[in-house]
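Read through the structure below, which is laid out as structure tokens, and then see the notes.
The values are calculated or read from the model by the stated rules, or taken from the named source; none is laboratory data. A quick note: this is a predicted structure, and the numbers were derived from the prediction, not measured. Glycine also receives a Cβ, built like all others from the backbone with ideal geometry; neighbour counts cover every protein chain displayed.
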Amino acid sequence: MPSSTTFSLSRNQPSREHPTHERLSAEQLRQLAALIKQWGRELGFQQVGITDTDLNDHESHLTNWLDKGYHGEMGFMAKHGTKRTRPEELEPGTQRVISVRMDYLPAEVESAKVLGQPNRAYVSRYALGRDYHKLMRKRQRLVDAVAVHNGIAQDLNDNIEMIELGEMEDDQEVIADAQNALVELAKKAAAKELEALLNGEADSNDTFLEVHSGAGGTESCDWASMLARMYLRWSEKAGYKIEMQSETPGEEAGIKSVTYKISGQNAYGWLKSESGVHRLVRISPFDSAAKRHTSFCSVWVYPVVDDNIDIEVKPADIRIDTYRSSGAGGQHVNTTDSAVRITHHPTGIVVTSSEKSQHQNRDIAMKALKSRLYQMELDRRNSAINEAHENKGDAGWGNQIRSYVLQPYQMVKDLRTGHETSDTKGVLDGDLDAFMAATLAQDVSGKTRAEASDLD
């Protein structure tokens, strides 16, 4: 079955390049319509249609279609009710509606021929081949990137001209303002250059982040809670949505493990560099003798699998266990076995979820398992990532990616890139951008861990 979507042309949003509808002649409107259809075909759509806003004759057909439940799981079809057939209510000022269609199956494949027979049917996997939703999102990201590039170039030229004008008129204030603007522009360009490095297959996806305590007992559990807080602070600063999937508290303090789902553009792309073992050196608050302790935690980061990525999990390969999740106690104590643990036998992967609903937990845990399996596939394809995960190993000596020293001196150092800072408080409060940037840049440059270590 093909899929389609619609866009509206509104009089409230006139273009700077093209006159509004009132200023166009009939011939100009015809030419504009032809251009729109051409653009649609260039984007890969099979059909592009343009109509006015009078859709009353079609409203009963839509209502009947929705009443019979033909929209299935596509709840968005019924979200706006009759507004789908009343564009002016959905977007005031709308004068034309553009409808585009993309076939899930190309015309030349054998299964598509079945669709041409009225007495037969073919049920295709959703968005088999190209999905126009993904196409449009990708196109929009490219459009935004080009717009940013052009904007930076224009601002650069404008400020250079302002400096030249200021020098001609000996206006030091104008010169100073333009120079300050250039400094800020350089920072913006550097940030966008770094963002451009996030071009991996799954970099734009949401991500799962796991923190596990390692060698060090209670001290390690406390370190795990500190790391979890660090990533929560970083995610909040980035404007990402955070959902706790599961948590296992420590016996005396801290946590043994915790899993978060972090949602937002490029969440996985940024956080993937954090996978590995993190080492802490400090005076332990749990040691009455006030001795220095070393503890370890491992961090796992893997992308949330997109709905269009098909990951097969055979029922025979998994074991699903239910258990009673820990709670606050009292009236809030969990009295049912709602928490879910899924074990994948071929890989040994174990995922858990401990929300209130067992059905919800099964769904969350299965998505987490698929994401872990997808990460393994990405690792297989990417030797650099694969090497990083192999080097991670157990949470103990010899496998660290980053060292955090709080006593006798203050230092956080990434052992892959050599990047370091004495601002330990800032790092533990979520200031991780510089470390992530250094790792991304190293991946692009092709430097090995050994080469980075030579920088010391």
Matching residues, the range 172-226, being in a helix (DSSP H, G or I), out of contact with any Asp or Glu (no Cβ under 7 Å at 6 or more places or on another chain) and hydroxyl-bearing (Ser, Thr, Tyr): 220, 225
Residue check, residue 253 surrounded by fewer than 21 Cβ atoms within 10 Å (Cβ to Cβ) and assigned by TED's automatic domain parsing to the domain that holds residue 436: yes
Pairs, first at negative phi in the range 81-98, second among the small types (Gly, Ala, Ser), C-beta under 6 Å, six or more apart: 87/8; 91/8; 91/10; 94/8; 94/10; 97/8
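Mind checking whether some residue in the range 231-238 is at positive phi, outside any loop (DSSP other than H, G, I, E, B) and under 23 Å from the mean Cα position of the chain (by Cα)? Lay out the reasoning, then the answer.
Our first condition is that a residue be at positive phi; within the range 231-238, this holds for none.
Scanning the range 231-238 turns up no residue that is at positive phi, outside any loop (DSSP other than H, G, I, E, B) and under 23 Å from the mean Cα position of the chain (by Cα).
For every residue, the table says whether it meets (1) over 11 Å from the mean Cα position of the chain (by Cα); (2) crowded, with 22+ Cβ neighbours inside 10 Å; (3) at pLDDT 90 or above.
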{"residue": "266", "(1), (2), (3)": "no, no, no"}
{"residue": "288", "(1), (2), (3)": "yes, no, no"}
{"residue": "292", "(1), (2), (3)": "yes, no, no"}
{"residue": "296", "(1), (2), (3)": "yes, yes, yes"}
{"residue": "308", "(1), (2), (3)": "yes, no, no"}
{"residue": "312", "(1), (2), (3)": "yes, no, no"}
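Can residue 272 be described as in the same structural domain as residue 416 (by TED's automatic domain parsing), surrounded by fewer than 16 Cβ atoms within 10 Å (Cβ to Cβ) and among the charged types (D, E, K, R)? Spell out the reasoning first.
On the way: in the same structural domain as residue 416 (by TED's automatic domain parsing): yes; surrounded by fewer than 16 Cβ atoms within 10 Å (Cβ to Cβ): no; among the charged types (D, E, K, R): yes.
Judged against the criteria, residue 272 is not a match.
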Evaluation of residue 312 against (1) outside any loop (DSSP other than H, G, I, E, B); (2) under 24 Å from residue 350 (Cβ atoms) (one fails), failing number: (1)
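For every residue, the table says whether it meets (1) within 22 Å of the chain's Cα centre (by Cα); (2) part of a strand (DSSP E or B); (3) of a type in the set (Phe, Trp, Tyr); (4) farther than 23 Å from residue 405 by Cα.
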residue: 229; (1), (2), (3), (4): yes, no, no, no
residue: 245; (1), (2), (3), (4): yes, yes, no, yes
residue: 269; (1), (2), (3), (4): yes, no, no, yes
residue: 273; (1), (2), (3), (4): yes, no, no, no
residue: 281; (1), (2), (3), (4): no, yes, no, no
Among the candidates 146, 211, 183, 174, residue that is in contact with a strand residue (DSSP E or B) (Cβ under 6 Å, 6 or more places away or on another chain), among the hydrophobic types (A, V, I, L, M, F, W, C) and modelled with pLDDT of 80 or more: 211
Long-range neighbours under 6 Å by Cβ, at least six apart or interchain, first residue at pLDDT below 80 within the range 59-75, second in a helix (DSSP H, G or I) and not β-branched (Val, Ile, Thr): 71/77
